[in-house]
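Reviewing the structure listed below.
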Amino acid sequence: MKKRLLSLSLAAAMVLSMAGCRGAEPAATTAAPAAETTTAAAADTTAAEGDSAETEAAEPAGNFKIGIITGTASQGDEEITQANKMKEKYGDMIVTSTYPDNFTTETETVISNTVAMASDPDVKAIIWCQAIPGTAAAIDKVRETRPDMIFIVGTPGEDPGVINPKADIVLQVDEPGCGIVIPPQAKKQGAKTMIHYSFPRHMSYALIVARHENLKKYCAENDIELVDVTAPDPTGDSGITGAQQFILEDVPRQIEKYGKDTVFFTTNCGMQEPLIRSVFENGAIYSLQCCPSPFHAFPAALNIDMAGHEADVDYMMEQLQAKVTEAGMGGRVSTWGVPCNMLFISAGVEYAKKVLEGETNGEVLNEELLRSTIQECAEQFTPGAKMTLDYYVDDNGTAKENHFLVMSDFVTFE
């Protein structure tokens, strides 16, 4: 398996002169187990997918910094919270930045913020979550002068064919797989109907489309009627406020039409808070977020005080169980026990640190170490958690060795 190698001597000699949830690839519907796809992945790896000339094993980077780029708190505060946690842990080794809320029309800002971070020669790796549209262009711009910058991106907003050749490592929830497991979970919770909220921009993303196709198939197999509802795009004219208001108004309408045995799902992070609040107020069903996590939107939606417990999964689970019990919704609410986007940031930082400290002998992608790091970080959030990692498989059945789809188990509150 070819892997891009660090060339730190080149990076040290460079003189910097920089100013200081995708496209429309056909959907993949399966993710092949990594153990079964290693050969295919290795055969498919090309220079166009991020390889560079192999060099002698690099020396540890010595003094280095790791950058983290996240969104602001307005569309979900998990990522920025975890970025701040990593800075608390490692101090000045971590530098942080955010991308604008309206990133679809401010691509130049996305790029310039990344370039500004990379203008510090001590920054050797950048962890990006969520990797919104514009990430691939930003990586290209940075690599013009920093070809050895390590990019680990979580929850990409660009299709695999766009982001995979640019980033060194891509981490993502197994969205197609979620389309398989959500319907039987919802059926156990009593669902007879599923309302699927999305909008055209998201429904052009390959893996979201793949998840939706699987939702249609497996809802039918589980006797659940799937109803698609077009919501406002939070990056559109009405903004996140308009999109949230639509959810608050539409959920009661849908429950009046289909009854309380309706499970609600949205493809957008910013819509989760009003959706959860409305589901609880109206006694419906909630199986999983688009970015699964016990922290994702639940605290704000249910008025849970997180002061001093920002990354405390046990505390969050206790509070969620109390809220479910109070609302009389036992068995009708579930999520994952591992916060996926927080995991991607934590694991991204820890793995990049190991690479820069020389644990991989200069290899940027050491799959065994990456897998063990993700598992270790998952267990730091939730002891005993087990994560499944599969390669992303494109529409031609080819496994992509740098793109990993992550899955965990449901936790249902009784």
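Below 8 Å, C-alpha to C-alpha, sequence gap of six or more: please give me the relative contact order for the range 271-352 in percent.
Numbers: 74 pairs, mean separation 32.6, N = 82.
40 percent.
The lysines whose alpha-carbon is closer than 17 Å to the alpha-carbon of residue 166, local same-chain residues fewer than 8 away aside, are 2, 3, 124, 141, 400. Under the rule a/c < 1.5 gives rounded, and otherwise a/b versus b/c splits prolate from oblate, where does the range 287-375 land using the Cα gyration tensor? Prolate shape, in that a/c is at least 1.5 and a/b is the bigger ratio. Restricting the calculation to Cα atoms, every distinct pair contributes to the Kirkwood radius of the range 338-414, found to be 13.6 Å.
Between residue 386 and residue 322, what length comes free when the chain is fully extended (0.36 nm per residue of separation minus the Cα-Cα distance, one decimal in nm)?
On the way: separation 64, 0.36 × 64 = 23.04 nm, distance 2.49 nm.
Difference between extended and current length: 20.5 nm.
Take the Cα of residue 109, step 7 Å toward its Cβ, do the same at residue 245, and the gap between the two points is 2.2 nm.
Percent of C-alpha pairs per 5 Å bin in the range 176-240, short distances first: 4, 18, 25, 22, 15, 10, 5, 1. For the range 214-272, the square roots a ≥ b ≥ c of the C-alpha gyration tensor eigenvalues yield an a/c of 1.5 or more together with a/b not exceeding b/c, which makes the shape oblate.
Residues within the reach of a label modelled at residue 74 (point 7 angstrom out along Cα to beta-carbon, backbone nitrogen below 15 Å), restricted to the range 116-151: there are none.
Within straight cross-link reach of residue 353, meaning Cα distance under 16 Å, which aspartates and glutamates are found once same-chain residues fewer than 8 apart are removed? Within the straight-line limit of under 16 Å, residue 353 reaches these aspartates and glutamates: 59, 88, 92, 122, 148, 168, 363, 367, 368, 376. Surface composition of the range 326-402: carbon and sulfur atoms hold 40% of the protein heavy-atom accessible area at a 1.4 Å probe.
Calculated on C-alpha atoms, the gyration radius of the range 85-139 divided by its Kirkwood radius gives an Rg/Rh of 0.98.
Straight-line cross-link reach from residue 217 at under 20 Å between alpha-carbon atoms covers these aspartates and glutamates, not counting any fewer than eight positions away in the same chain: 174, 175, 225, 228, 261, 394, 395. Measuring between their Cα centroids, the range 331-351 and the range 356-379 lie 18 Å from each other. Taking a sphere under 12 Å around the Cβ of residue 299 and counting the other residues whose Cβ falls inside, with K and R at +1 and D and E at -1, yields a net charge of -4.
From largest to smallest, the equivalent ellipsoid semi-axes obtained for the range 335-375 from the alpha-carbon gyration tensor read 22, 10, 6 Å. Look at where the Cα atoms of the range 392-414 and of the range 116-142 average out, and the two centres are 24 Å apart.
May I ask for the net charge around residue 191, where only other residues with Cβ less than 15 Å from the Cβ of residue 191 are counted and Lys, Arg are +1 while Asp, Glu are -1? Overall, the nearby charge balance is +3.
For the range 239-320, rounded, prolate or oblate, judged on the Cα gyration tensor with a ≥ b ≥ c (square roots of eigenvalues), a/c < 1.5 rounded, else prolate if a/b > b/c? The shape class here is prolate.
The values are calculated or read from the model by the stated rules, or taken from the named source; none is laboratory data. Treat the numbers as computed from the prediction; the structure is a model and nothing was measured. Every residue, glycine as well, gets a Cβ built from its backbone with ideal geometry; the counts of neighbours run over all protein chains shown. Accessible surface areas use protein heavy atoms only, side chains included; no ligands, DNA or RNA. Shrake-Rupley method; radii C 1.70, N 1.55, O 1.52, S 1.80 Å.
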